[in-house]
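Accompanying notes for the structure given below.
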Amino acid sequence: MNRFYLTAGMLSLLPGLQAAAQSQQAQRPNIIYIMSDDHAYQAISAYGSEVSKLAPTPNIDRIAKAGVTFDRAFVENSLSTPSRACTLTGLYSHQNGQEQLNEGMDPTKPFVSELLQKCGYQTAVIGKWHVPCDPKGFDYYHIYNGQGEYYNPNFRGSDTGGKYVQEHGYCVDLVDKHAKEFLDNRDKSKPFFLMVHFKAPHRNQMPNLKYLGLFDDVKFPLPTTFWDDYSTRQSPAHTQKMSITNHMELIQDLKVVQMKDSLKDAYNQGFSWFCYRAGVERMTPDQRAAWNRYYMPRGEEFLNAHLTGRALSEWKYQAYMRDYLACVRSIDDAVGDILDYLKANGLDENTVVIYTSDQGFYLGEHNWFDKRFMYEQSLRTPLLMAWKGHINPGTRCNAMVQNIDYAPTFLSLAGGKKTDEMSGLDLQQVWNGQTPKTWRTSIYYHYYDYPAFHQVRRHDGVRTDRYKLISFYGKGGTRAETNWYQTDPKAQEYRILHWLRSMNYTDDNDPDLKDCYELYDLQNDPDELHNIYGQPGTEKITNDLMKLLNKYRKDLKVQEY
Ligand code: SGN
Ligand code: CA
């Protein structure tokens, strides 16, 4: 039982004091946590990148202006479902079971929503759920089917009797609408905890019709690392399957639908074409016509140009960025709409507003899209928070924070306490820009989703202020052999893996990967182009980081692989 309830229970005998307790309860802030799927910090103008200057996010920036921008916010496992499982439980992946994309979640772990309910909060989640258990501890939920659909998506929830019901419109607008509906209908005697989870700009980046072509006149600068040849790296950077040049698909990703018959390989005929169709076949005839009016000429022009080599890669990059950033524009609109709603309803006074993504994302850095690796663009996630009167406007926070910190922070705001298993910290300690001496000086990271689509090898590692040590290990480790969802034909990952294998897309049994390390000096090499592991002069730092890594593994009881 938390402290507040004990006090309230005792005070219930005394009406005057009870009123005082109620007003104390009323003062606890509402919490609105807005998360967009795969939104890179490079695509938020508060973070100042060149790309974001060309495609600004004025509404998300309102949160930065009113509050704090975290410049070093990290995830503990750069993949969507594990990351959201971490937000929900405040636990690392190996503690909550959700190490990989699909199966895994241990439903016996308490969710922050349940704990907040016990603190007297009304709780809701809207939009992307995609965690392999039903929402727990939510008074109201209205969620997508799996990854969710861009157009006319299905939703199920406490209000649909658990059945999926198709709705008409664009995924972001619908989630915005349902968030406001929840706020309108909420129990006003309680503070609320509302999770708003947008699908966009997740692959395959289907923009709202009104934004098709929004950035056609803009040429986005190539990241300086776009032509990275991975020359100093170990094999995982070479064997991944997430490069714009080699793995970004012309049909599914870049919507050159005219190629559906000419690309003869099984993968493009099968999966890529299937994904494209699954998206556009949900559209109404009018939506589909508007879609084709934009993408057919774009595809035609591309085909007539007969691009090859670097020109082809650069075209892919521009097309990707245009679609991705057009999706971001819809999110920015929705965030603006929610902020306006809060203000119009007096909720801007006492609501903590959080904006984040479930991880970072590559916008062509190292030639990649997707995430997964422990390199900066996927390890770092955008994180902005505002709370009137509590967080100073325009603050920059340089403390190392991580998604394990969200649940402890929410619980602390609600007058509750984190559980013993949670090792995250309360972000209130740093959100005004000062970092106490006792704050963490390193973070632990662990990625497990191998073998899988993008074929990024398993790795764990530590990042300090200046250095990063990454340990890539095994053929996927012993778990790859025994993990039931890698071996059980009923598991989704098993099916995907075997399908990919049957199309010669993937060889998940790379026998050559020996355990290997990479070391980066982020001060001298912020782009992480120079792996200095094993170089003369790095012995001491390597030794220190190895000790630190082993300490994390031991303290956190990370299973040996
Ligand atoms: C899908 C995507 C992948 C992506 C994963 C995980 N492929 O499988 O590119 O890495 O989701 O994304 S797709 O062809 O189906 O679009 S996550 O955000 O859920 O982690
Ligand atoms: Ca994601």
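The values are calculated or read from the model by the stated rules, or taken from the named source; none is laboratory data. What you see is a predicted model, and the numbers here were worked out from it, not measured in a lab. Here the Cβ is made from the backbone with ideal geometry for all residues, glycine too, and neighbour counts use every protein chain on show.
Residues N208, N204: which one is within 16 Å of ligand 1 (Cβ to nearest atom) and in contact (Cβ under 8 Å) with a residue 40 or more places away in the chain? Spell out how you get there, then give the answer.
Working: N208 fails: within 16 Å of ligand 1 (Cβ to nearest atom).
After applying the criteria, what remains is N204.
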Quiz item: Which condition number does G346 fail, the rest of (1) closer than 25 Å to W431 by Cα; (2) more than 11 Å from the chain's Cα centre (by Cα); (3) within 14 Å of ligand 1 (Cβ to nearest atom) being met?
Solution: (3)
Quiz item: How many of the residues making up the range 242-281 are outside any helix (DSSP H, G or I), touching a residue at least 40 places away in the same chain (Cβ under 8 Å) and surrounded by fewer than 16 Cβ atoms within 10 Å (Cβ to Cβ)?
Solution: 1
Quiz item: Do you know which residues across the range 117-174 are under 14 Å from D37 (Cβ atoms) and out of contact with any Pro (no Cβ under 8 Å at 6 or more places or on another chain)?
Solution: I126, G127, K128, H130, V131, G146, Q147, G148, E149, Y150, P153, V172
Quiz prompt | Selection count, the range 382-397, where residues are assigned to a loop (DSSP other than H, G, I, E, B) and of a type in the set (A, V, I, L, M, F, W, C) | solution = 2
Quiz item: For Q95, all conditions in the list (1) under 23 Å from N432 (Cβ atoms); (2) modelled with pLDDT of 95 or more hold save one; what is the number of the exception?
Solution: (1)
Self-check item: Residue that is surrounded by the most Cβ atoms within 10 Å (Cβ to Cβ) [pool: residues in the range 99-134 that are β-branched (V, I, T) and assigned to a loop (DSSP other than H, G, I, E, B)]
Solution: V131
Exercise. Search the range 351-365 for residues being among the hydrophobic types (A, V, I, L, M, F, W, C) and within 15 Å of ligand 2 (Cβ to nearest atom), and hand back the single one that is farthest from T225 (Cα to Cα).
Key: F361
Quiz prompt | Wholly within the range 30-89, helices (runs of 4 or more DSSP H) carrying at least 2 residues that are within 30 Å of D187 (Cα to Cα) | solution = 58-66, 80-89
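For A407, are the conditions met, namely being away from ligand 1 (no atom under 16 Å from the Cβ) and either within 16 Å of the chain's Cα centre (by Cα) or not in a loop (DSSP other than H, G, I, E, B) (or both)? I'd like the intermediate steps shown before the answer.
Numbers: away from ligand 1 (no atom under 16 Å from the Cβ): yes; either within 16 Å of the chain's Cα centre (by Cα) or not in a loop (DSSP other than H, G, I, E, B) (or both): yes.
Considered against the rule, which asks whether it is away from ligand 1 (no atom under 16 Å from the Cβ) and either within 16 Å of the chain's Cα centre (by Cα) or not in a loop (DSSP other than H, G, I, E, B) (or both), A407 comes out as yes.
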Quiz item: What pairs can you find where one residue is in the range 307-326 and in a helix (DSSP H, G or I), the other is polar (S, T, N, Q), and their Cβ atoms are less than 6 Å apart, with a gap of 6+ or different chains?
Solution: S313/T245; D323/Q205; Y324/Q205
Practice problem: Return only the number of the condition from (1) over 22 Å from K241 (Cα atoms); (2) under 21 Å from the mean Cα position of the chain (by Cα) that G394 does not satisfy. | Solution: (2)
Self-check item: In the range 150-165, residue nearest to R288 (Cα to Cα) [restricted to those that are surrounded by 19 or more Cβ atoms within 10 Å (Cβ to Cβ) and touching a residue at least 60 places away in the same chain (Cβ under 8 Å)]
Solution: Y151
Exercise. Take the range 426-468 and flag every residue that is free of Cβ contacts under 8 Å to residues at least 60 places away in the same chain, touching a strand residue (DSSP E or B) at 6+ places or on another chain (Cβ under 7 Å) and exposed (fewer than 15 other Cβ atoms within 10 Å of the Cβ).
Key: T441, R466
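Can you name every one of the strands (runs of 3 or more DSSP E) wholly within the range 136-219 that holds 3 or more residues which are within 16 Å of ligand 2 (Cβ to nearest atom)? If you could, list the steps in order and put the result at the bottom.
Values: elements: 140-144, 154-157, 192-198.
Here the list reads 192-198.
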Quiz item: Just checking, how many residues over the range 232-287 are closer than 30 Å to I532 by Cα and within 16 Å of ligand 2 (Cβ to nearest atom)?
Solution: 1
Practice problem: Those residues that are assigned to a loop (DSSP other than H, G, I, E, B) and of a type outside the set (A, V, I, L, M, F, W, C), I need them from the range 220-238; list them, please. | Solution: P221, P223, T224, T225, D228, D229, Y230, S231, T232, R233, Q234
Quiz item: Restricting attention to the range 98-122, which residues are away from ligand 1 (no atom under 16 Å from the Cβ) and either at pLDDT below 95 or of a type in the set (K, R) (or both)?
Solution: P107, K109, K118
Quiz item: What pairs can you find where one residue is in the range 32-44 and at positive phi, the other is of a type in the set (F, W, Y) and within 13 Å of ligand 2 (Cβ to nearest atom), and their Cβ atoms are less than 6 Å apart, with a gap of 6+ or different chains?
Solution: D38/F361
Quiz item: Of (1) surrounded by 21 or more Cβ atoms within 10 Å (Cβ to Cβ); (2) of a type in the set (K, R); (3) over 16 Å from the mean Cα position of the chain (by Cα), K65 satisfies all except one. Which?
Solution: (1)
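This table checks each residue for (1) within 30 Å of D173 (Cβ to Cβ); (2) over 24 Å from the mean Cα position of the chain (by Cα).
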residue	(1), (2)
R203	yes, no
V218	yes, yes
W227	no, yes
M248	yes, no
M259	no, yes
Q269	no, yes
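Quick grid of which residues meet (1) in contact with a Phe, Trp or Tyr (Cβ under 7 Å, 6 or more places away or on another chain); (2) within 20 Å of D37 (Cα to Cα):
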{"residue": "A278", "(1), (2)": "no, yes"}
{"residue": "Q287", "(1), (2)": "yes, no"}
{"residue": "N292", "(1), (2)": "no, no"}
{"residue": "Y295", "(1), (2)": "no, no"}
{"residue": "R298", "(1), (2)": "no, no"}
Exercise. Output the residue which, of all residues in the range 352-366 that are within 15 Å of ligand 1 (Cβ to nearest atom) and outside any loop (DSSP other than H, G, I, E, B), is nearest to the chain's Cα centre (by Cα).
Key: S357
